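The values are calculated or read from the model by the stated rules, or taken from the named source; none is laboratory data. Small disclaimer: the values here were computed from a predicted structure and weren't measured. Glycine also receives a Cβ, built like all others from the backbone with ideal geometry; neighbour counts cover every protein chain displayed. In case anyone asks, the SASA skips ligands and DNA or RNA and just uses the protein heavy atoms, side chains included. Shrake-Rupley method; radii C 1.70, N 1.55, O 1.52, S 1.80 Å.
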Amino acid sequence: MKFRAFLAAAVALFSASLLAQGSPNVRSLQEAAIRDLQDAAPGVKIFRLGARVSRIWGVPFATGTDPIQAANDFVSNYTEIFAPGASSLHLRRSTDLMNGKFTAVEYSQSVRNKRVEHGSLVLLVLNRTNQVVLASNNVRTIERDPGSARISSKQAIRYAQLDSPWALQFSDPQLVVLEGETTDHVAWSLLADNGLLTTPAVYRVYVDARTGTVLEWKNLVREIDVNGNVKGWATPGLKPDQPNNPPQLFNLGDLRVNITGGNFAYTNPNGDFTITHGGTTQVTVNAELKGRWVTVVNTAGANLVLSQNVTPPGPANFIFNSAPAEFNTAQVNAFIQTEKVHDFADGINPAYPGIDVALPANVNLNDTCNAFYNGSSINFYRAGGGCGNTAFTTVVWHEYGHFIIDRGHPGAAGDYHEGMSDVTAALLGDSPCLGEDFFGQGSGCLRNAYNSVVYPCSGGVHLCGQVISGAFWLTLDELDITEGHTVGMNLVRSWYLNSILLLPSGITPEVTIDVLTLDDNDGNIYNGTPHYTEIATGFGAKRLYAPQLDWVNFEAVRLAPEFIQLPSFSARVPVTVRVTNNAGTLDPSSVRLHYRVNSGAWQETTMLQTSPNDFTGSFPLPQCGSYVLYYVTALDTAGHMSSFPRSGSADPFFSIAGTGIVTALEDPFSADLGWAVTNVNLSTGAWTRADPNGTTQNGQPANPENDSSDSGTFCYFTGQGAVGGAVGDQDVDGGPTYLTSPTFNLAGANAIVEYRRWFWNDDGDDTFRVEVSNDGGATWVVVENTPFSTGMNSWIQRRFVVSAFVTPTANVKIRFSTADQPNNSITEAAVDYVVVRKVTCG
C-alpha cells in the first residue's frame, strides 16, 4: 500500500490545470519526476517537511536564456515533482536579490481565478549563468475546485459581525480558496478592525462563501510583547530616555519642508534643504514630522508643526522639541528611527518590494508598556505603569521589521515574523540586545540574540523567534573571526533581508538552506559555499542544522559482512572504501578505520592506499558471539573531517561473528504473535495492530498508511483514526503507551534485531523510544530515544546487536513506546516488520 499524497506544491504555468490529487498514480508520478530531475542534474537535493517537497537545491537544475525563461522551463518540465491538485500558478513578480547576483521568480496560486491563500512558489535563479539553483515551495494542495460563492461579500461582513460584535470596521472582502485539513473552502477574506489604537484588534477573517461559517480569525497585530514594557524616548544609543541617557539634538534627514502655496523639498542627511522658489517677497516656511518613508501622528494632541516667515533666501532654521518633553520627543524619535530603518533595508536591497511608502507611525497612544504593527501602521504607547514611552530605537526598528517582512512574505508564520523583526533591530543596531532597559534603567535586554532557545520550539512566538535571531547573530560571531566585523555584518545583513523573499514556511532548516544558497557562488552547495563553515556553525548552534557537507565522497568497495561465519580463514576482517574529492581535496594520508570490539575502547588504524582512490584497512576477527562496530574518516587538505557512514560513531556499521545464524522471529504483524500493549495515564492513542488509516497535519503525514515493503498490510501504530481523519484523530494523549515483544531465548547466543519505525510529533518535545531487557522486562536499557526530525514520518529501517546493550539471556524482550507529555501536541508512532536473527556458537 502507499502513503497518501499530502501537502506539497502544485506547479503549472499561467492557467494550465494540474493533475487531480485523487489520481492513484500521483505518488509514483512525483517520485518518477524526482528521479528524472536527479538523472538530469546529478547531486540535486530534495528537502522535505513531512511529505511536502519544501526545497529543491544543492546544484543547478534548470537553465534558460534569462531568469524568467529558466524558471518557466523548470516548472513546465517538472510539474509532477510537486503533489498536484486542481489549481494553477501565475507569474507574480521577479525581484533582484543580492545586488544582481540572483533573481527570485515568484508564482502565485489560484483555482479558477480565485487566489489560494498563502500558495506560492519561488525559484531562485543565478543571474550569471541563468541557472535555477533553489525552489522554495509553499503551494497548497487543493484536491478539487471548492465551487463558487453562494453568499455575497456584504453577507460575509454580516456573518463576521455576528461572530465577533467588537469588529467595527471591515475591508472589502476578496474571494479566495482556503486549504482545510479535510475539506478545502471557497471563502471571503476580509480585514476586521475594532478601530482602537490603544487596545488594537485587527484580524484577517475567512468566511465560508457557501455556508457563511466563519472559518478562521488570524491576528494581524504584531506586538513587542503582550506583557512587556518598553522604556524610552528617541534618544541617543539603544536605550530609552532615562536619567543616564537624556535627549540630544540630531539632524533630521528626509523631512518634508514646504512653502505655503509653493514648492516643497526634503532635507538631506545633514538636515539641510533648498526649496526652489522665485521672488524675494516674504514667505511662510513649514516643517512637520513627515518624511519620504514615515508620517508621524501624535495621538495625544496636535502634531509637531513649526512655521516661520522669512525673506528668501532665508535661512529658515527649525529646531523641533527645543525644550524636550515626552510627547514631543516621541514624535521626533519615531521620525528619525523609522526613516533610519527604511534606509537600512533599502541600502541592502533597493529592489525590495513594497516598502517605499510613507508608513504611519502613531505615537503616545493612551496606554502603556507596548508597541505593535497592525498591517498598516506602527504604533507606540506613552510612558506609565513603570515603562517609558515605547517610541525608541530598537522598538521602532522591530515594529518596522514586521512591515518589511509583511511586504516581502505576507504569509509568514508568527514566530518567523517576531524573530526576523528582532534580527532587523539587532543587525541595524549592531547589538544582540533588543529593548535595552525595557523594564527600567539597568534592567537589561527585553530579548537577546544570545539565548538558549533552539529548534524545534513549542513556546510563544516571541520566545521561538529567538531561534532565528540567535542563528543570524551567532553566524555573525563566526564571520567576525574569519572575515572581520565589517565584512561579516554586510554579509549577514544581505542574507537576512534577501532570504525573506524566498518565503520560508517558518523557522525550520529551510532557512539554513536558503542562506547557504544565497552565499553560494556557483549554484553547487555540495562543493562548498564561501562561508559554509560560519553559517553551519551559527545556525547549527540553534539546531537549524546545515546539510552536512561532503568534503570528500565515500563509496563502499568491500564492507565487512554483518554476520561473519566462523571458522574464518583470516585473523583480520578487511574493509575497502573508495574516497574522492568533493567540496575539499582529499589528504590521502588521513584515511582511518575506527573500530571497537564489543563495548571496548575505540581504536583506529591507518587505511593503506591501494589505488589512486581506494583505501583498505582491517579489524581483528571477533570471537564467536562478539561484535565489532566500525566507521571510516578522512580529512581534506583544509582539515575538514568527513565520516562514512555520515554519523560516524553515533551510528556505525557492525559485524557479529558466530558459527550459525537462525531467524528467531520474523513478524510482519499479519497475525498476533504475543505482543503486549501496556498504557500508563493514556487517554487516547494506544498501540493497535491493524491496517492503519493515514491522517495528516498541515498537509504532512501524521499517521501512516502501511509500509508496502513486507508481505502484509498490518502494522502496529498508535490509535486508529477515521478514514481520511483529521489531525489529532486518536493520536497519543498522555501516556506512555508501551508495545512489548514476546520473550526470546538468547541464552549462550547473541542476536541482531531489525525493525521499521515511523514517528510524527509536531513540536519536537516527544520521542520515539526503543528498549531492550534481559530479565523479562523487570529492567530496561534504552537503545534509541529519538525526538522528531525531518523525514521521520516515513518508514525507517533500524538494526542493533543485543549484546551492545544487555547480556543475552533466556529472557530477552524488546519494547517500543511514545508519549505526549505534557499533553500539548500531535504525537503518532508505528512499528512494522520486526526480525530477530539469533547468532549461535557451537
Qualifying positions in segment 614-644 - of a type in the set (S, T, N, Q) and either on the phi > 0 side of the Ramachandran plot or open to solvent by 60 Å² or more (accessible area, probe 1.4 Å) (or both): Q623, T637
Note on segment 636-675: residues out of contact with any Ser or Thr (no Cβ under 8 Å at 6 or more places or on another chain), farther than 27 Å from Y716 by Cβ and in a strand (DSSP E or B) are F653, S655
Which one is surrounded by the fewest Cβ atoms within 10 Å (Cβ to Cβ) among residues in segment 471-509 that are in a helix (DSSP H, G or I) and under 14 Å from the mean Cα position of the chain (by Cα)? P509
Taking T840 and the conditions (1) open to solvent by 10 Å² or more (accessible area, probe 1.4 Å); (2) over 22 Å from T743 (Cβ atoms), which numbered condition does it fall short on, given that it satisfies the others? (2)
Return the residue satisfying two criteria in turn: it lies in segment 539-567 and is over 20 Å from F653 (Cα atoms) and in contact with a strand residue (DSSP E or B) (Cβ under 9 Å, 6 or more places away or on another chain), and of such residues it is modelled with the highest pLDDT. W551
Within the bounds of segment 207-223, is there any residue that is outside any loop (DSSP other than H, G, I, E, B), surrounded by 15 or more Cβ atoms within 10 Å (Cβ to Cβ) and at pLDDT 85 or above? yes
Are any of the residues in segment 797-816 modelled with pLDDT of 90 or more, more than 38 Å from the chain's Cα centre (by Cα), outside any loop (DSSP other than H, G, I, E, B) and among the β-branched types (V, I, T)? yes
What's the number of the only condition in (1) more than 30 Å from Q821 (Cβ to Cβ); (2) surrounded by fewer than 21 Cβ atoms within 10 Å (Cβ to Cβ) that N679 fails to meet? (1)
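Which residues, counting only those in segment 155-191, are among the polar types (S, T, N, Q) and either open to solvent by less than 30 Å² (accessible area, probe 1.4 Å) or without any contact (Cβ under 8 Å) to a residue 60 or more places away in the chain (or both)? So that I can check it myself, show each step before the final result.
To start, the set of residues in segment 155-191 that are among the polar types (S, T, N, Q) comprises 155, 161, 164, 169, 171, 174, 182-183, 189.
If the condition is that a residue be among the polar types (S, T, N, Q) and either open to solvent by less than 30 Å² (accessible area, probe 1.4 Å) or without any contact (Cβ under 8 Å) to a residue 60 or more places away in the chain (or both), then Q155, Q161, S164, Q169, S171, Q174, T183, S189 are the ones that fit.
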Evaluate segment 595-610: report whether one residue or more is open to solvent by less than 50 Å² (accessible area, probe 1.4 Å) and closer than 30 Å to G58 by Cα. no
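Would you check if A830 is among the aliphatic types (A, V, I, L, M) and in contact with a Pro (Cβ under 8 Å, 6 or more places away or on another chain)?
Judged against the criteria, A830 is a match.
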Does G388 fit the bill of being open to solvent by 10 Å² or more (accessible area, probe 1.4 Å) and closer than 23 Å to C433 by Cβ? yes
Candidate set: segment 78-93, residues that are touching a strand residue (DSSP E or B) at 6+ places or on another chain (Cβ under 7 Å) and open to solvent by 40 Å² or more (accessible area, probe 1.4 Å); chosen: the one nearest to L178 (Cα to Cα): H90
Which one of these is surrounded by fewer than 20 Cβ atoms within 10 Å (Cβ to Cβ) and among the aromatic types (F, W, Y): F563, F554? F563
Inside segment 373-401, the number of residues satisfying the requirement of being modelled with pLDDT under 95 and under 24 Å from the mean Cα position of the chain (by Cα) is 3
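Taking the stated definitions as given, is P742 closer than 18 Å to N823 by Cα, modelled with pLDDT of 90 or more and not hydrophobic (A, V, I, L, M, F, W, C)?
So P742 fails the test.
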Answer with yes or no whether D96 is of a type in the set (D, E, K, R), in a loop (DSSP other than H, G, I, E, B) and open to solvent by 30 Å² or more (accessible area, probe 1.4 Å). no
Take the residues in segment 59-77 that are assigned to a loop (DSSP other than H, G, I, E, B) and closer than 11 Å to L123 by Cβ; name whichever of them is farthest from the chain's Cα centre (by Cα). G64
